[in-house]
Amino acid sequence: GLRLLGFLATMIPCGVLLYALLRLRRLFSLYREGVIFDRRNVACYRDLGKALVCWAGAAFVQTPLLSIIVTLPNPPGTRLLMLGVGSGELGFLFLGGLVLLISWVMDEGRRLDEEQALTV
């Protein structure tokens, strides 16, 4: 039972990363179709940035969950709760913010592209 709980706690960040990879795959398929400045691209960038920020949060939550699960069979008073923030979490938090900034730039580019298409 504890192994299953540990596996499920470990899969939380993995699920978020799988979602990010799906959004990245969608973004590249849009590029393959020649769609660059479009609402769908902006949405992919925005979702990818949010997923990377969520991954940092999920990785932060994973450590205390695993520490609780591993020490659950111990008698009361000997259980541990570990918290920690590493460079991986901070890196993905920064990367997610950067991708969100890129989504904002892509949205501005999309607006300019639409405005140019409507100009005679």
- Task: Kindly rank 45-55, 102-112 from highest to lowest mean number of other beta carbons found within 10 Å of each residue.
- Result: 45-55, 102-112
- Task: Find how much the distance from Met82 to Met11 grows on full extension, using 0.36 nm per residue of separation minus their present alpha carbon separation; answer in nm with one decimal.
- Result: 23.7 nm
- Rounded to whole Hz, the Karplus (6.51, -1.76, 1.60) HN-Hα couplings of segment 66-77, x for glycine and proline: 5, 5, 5, 5, 5, 9, 4, x, 5, x, x, x
- Task: Work out, step by step, the length gained on full extension between Phe28 and Arg40: first 0.36 nm times the residue separation, then minus their alpha carbon distance; give nm to one decimal.
- Result: 3.2 nm
- Using only helices, what value at 222 nm comes out for the chain when you add -39,500 (n - 2.57) per DSSP H run of length 4 or more and divide by the total residues, to the nearest 500 deg cm²/dmol? -28500 deg cm²/dmol
- Per residue, what accessible area does the chain have, given a 1.4 Å probe and all protein chains present, in Å²? 67 Å²
- Where the only charges are on Cβ atoms (+1 Lys, Arg; -1 Asp, Glu), what is the dipole of the chain about its Cα centre, to the nearest 20 debye? 460 debye
- The alpha-carbon center of segment 15-81 and that of segment 100-120 are separated, in whole Å, by 28 Å
- Item | Thr71/Leu18 FRET efficiency (R0 30 Å; Cβ-Cβ; nearest 0.05) | 0.60
- Could you tell me which of Pro64, Cys54, Ala20 has its Cα farthest along the dipole of the chain towards the positive end, charges placed at Cβ (Lys, Arg +1; Asp, Glu -1), taken about the Cα centre? Pro64
- Task: Select one label from (1) 19.9, 77; (2) 19.1, 76; (3) 14.2, 45: the one whose number is Rg and Dmax of the Cα atoms in Å as derived from the coordinates shown.
- Result: (1)
- Heavy-atom accessible area of segment 40-120 with neighbours in place, 1.4 angstrom probe: carbon+sulfur share in percent works out to 71 percent
- Taking only C-alpha pairs under 8 Å that are 6+ residues apart, what is the relative contact order of segment 12-120 in percent? 35 percent
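The values are calculated or read from the model by the stated rules, or taken from the named source; none is laboratory data. Being a predicted model, the structure only gives us computed values, none of them experimental. Heads up, the Cβs are rebuilt from the backbone with ideal geometry, glycines too, and the neighbour counts pull from every protein chain shown. In case anyone asks, the SASA skips ligands and DNA or RNA and just uses the protein heavy atoms, side chains included. Shrake-Rupley method; radii C 1.70, N 1.55, O 1.52, S 1.80 Å.
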